[in-house]
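*Asks:* The structure is given below, and queries will be raised subsequently.
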DNA sequence: TTCTTGTAGATTGTTGACAATCGACATTCA
DNA sequence: TGAATGTCGATTGTCAACAATCTACAAGAA
């Protein structure tokens, strides 16, 4: 257990911790897209000075969650409908690759875990427990991309997911999109369990593409020139 | 021209400039993978204090070019053969998407430009001008990914390219890999010019996959546990 | 020799202060 | 009334200093 503490200190520092905290604040919705982030406010909140805060903010800028306007400060990024659609296309390509790679190398144990995810989601869907479904769904996707063994792929994919949470129309997803979406999970897992890379690729790409369709069709005509 | 200066100031600040400069220093090879980066050294070199330098370094860390070990400093990242191979796989998926999207939306003018790139590279190949070929090749790839109109895709792809330059065996590419690689360019452009998304997708994926093969087969057995 | 221990110098982590700049409000003038 | 200008408070940009920590080298013990 001391080892755990050491591990923490080895990979953590004040700016890194702040980066995680600020990211959490943004993704949790406390700061909304377009909001200005005041350095001193963050510094006071976490009891540090502005230096580490600025470093953390710059890190978040590189990862694409916020943007900086010189002399004016940092702002939470806003994702237009067009940008969100673009991200979905990239995500589909990456997720397709993940499905293919996973089908090529998955172990029997991995297949069991995948099926457990699906049956847990079955339960959540049957109970109409949307919040639990969302949690499981995220863990399921993360398990898939990490299961590929390709770190670059997993990192890129998970970063994209974060970006999508900046899209304001995201909350429009609900109801039967859960049923439709989950039906596809079965197909994906079946293809992976059959260790059929081509089929897994297609199923995974299709899963993201239909998610894009659902989101975009649920989105009314939105002014496109939102992003400055 | 004042407008140009204004544009610079609008999007630039000392840390941003430093980030570009340091990135250039790394990619140019002056700092090698594994090298430690001393903040004061950079600060002295560019005539600033350590604050802006630290911000720039943190930005580069998020983009994946360097990594930080708390209390020890920043180090230029090292890419193992396995990691490089992984990046190639991701790159193939993204480039395939780029080919597909480009074939769907390219203008006649765009096709002309693509063909110009290819004929310029023809000339470089015929003259065995490797350095010019490399330059043109990069511009060609950048034109393709930007031509998709998908900013997220272009950014991710270009970031991956940068990462690959951290792989030490990269310099092994030469000679006939130039010929083989360029032959594929013709196929890619033909597919895009025919506005055939499926064919363009396949050609672009294939182009990166063979590049991966060439690099990996040129790489002797390298100790895999390089990265900590 | 080889390993441990101790010390000095170098480097990072963090802070507080000061200058520069921006946005908002009030004031002035047409 | 409405537009232009001036001023003030708030915020960012940068720096220099100090404390904490690490690395490298040297000295001594097994």
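The values are calculated or read from the model by the stated rules, or taken from the named source; none is laboratory data. Keep in mind that this is a model prediction, so the values were computed, not measured. When we count neighbours, we look across all protein chains shown, and the Cβ atoms used for this are built from the backbone with ideal geometry, even at glycine.
*Asks:* Within 13 Å of chain B (Cβ to nearest Cβ), in contact with a helix residue (DSSP H, G or I) (Cβ under 9 Å, 6 or more places away or on another chain), surrounded by 16 or more Cβ atoms within 10 Å (Cβ to Cβ) and in a loop (DSSP other than H, G, I, E, B): does that describe residue A:166?
*Replies:* Yes; evaluated as a whole, the condition is true for this residue.
*Asks:* I would also like to ask the following. Just checking: which of the helices (runs of 4 or more DSSP H) contained wholly in segment B:32-133 hold 3 or more residues that are at pLDDT below 95 and more than 14 Å from every other protein chain (Cβ to nearest Cβ)?
*Replies:* Ranges flagged: B:108-126.
*Asks:* Another one. State which residue is farthest from DNA strand D (Cβ to nearest atom) when the search covers only segment B:27-45 and only residues that are without any contact (Cβ under 8 Å) to a residue 60 or more places away in the chain and buried (at least 16 other Cβ atoms within 10 Å of the Cβ).
*Replies:* B:31
*Asks:* In addition: What are the pairs with Cβ atoms under 8 angstrom where one residue, in segment A:174-199, is in a loop (DSSP other than H, G, I, E, B) and the other, located anywhere, is modelled with pLDDT of 95 or more? Sequence gap at least six, or different chains.
*Replies:* Listed by first residue and then by second, the contacts come to A:194/A:103; A:195/A:103; A:195/A:104; A:195/A:106; A:196/A:103.
*Asks:* Would you call residue B:22 more than 9 Å from every other protein chain (Cβ to nearest Cβ), more than 30 Å from residue A:92 (Cα to Cα) and either away from DNA strand D (no atom under 12 Å from the Cβ) or not in a helix (DSSP H, G or I) (or both)?
*Replies:* Criteria met by residue B:22.
*Asks:* Right, another one. From the list B:138, B:95, B:143, B:75, pick out the single residue that is buried (at least 16 other Cβ atoms within 10 Å of the Cβ) and either within 16 Å of DNA strand D (Cβ to nearest atom) or without any contact (Cβ under 8 Å) to a residue 40 or more places away in the chain (or both).
*Replies:* Of B:138, B:95, B:143, B:75, the one residue that is buried (at least 16 other Cβ atoms within 10 Å of the Cβ) and either within 16 Å of DNA strand D (Cβ to nearest atom) or without any contact (Cβ under 8 Å) to a residue 40 or more places away in the chain (or both) is B:75.
*Asks:* Could you say whether any residue in segment A:113-127 is touching a helix residue (DSSP H, G or I) at 6+ places or on another chain (Cβ under 7 Å), within 16 Å of DNA strand D (Cβ to nearest atom) and at negative phi?
*Replies:* Looking through segment A:113-127, none of the residues is touching a helix residue (DSSP H, G or I) at 6+ places or on another chain (Cβ under 7 Å), within 16 Å of DNA strand D (Cβ to nearest atom) and at negative phi.
*Asks:* Hey, can you tell me all the residues within segment B:46-59 that are within 10 Å of DNA strand D (Cβ to nearest atom) and crowded, with 17+ Cβ neighbours inside 10 Å?
*Replies:* Scanning segment B:46-59 gives B:52, B:53, B:54, B:55, B:56.
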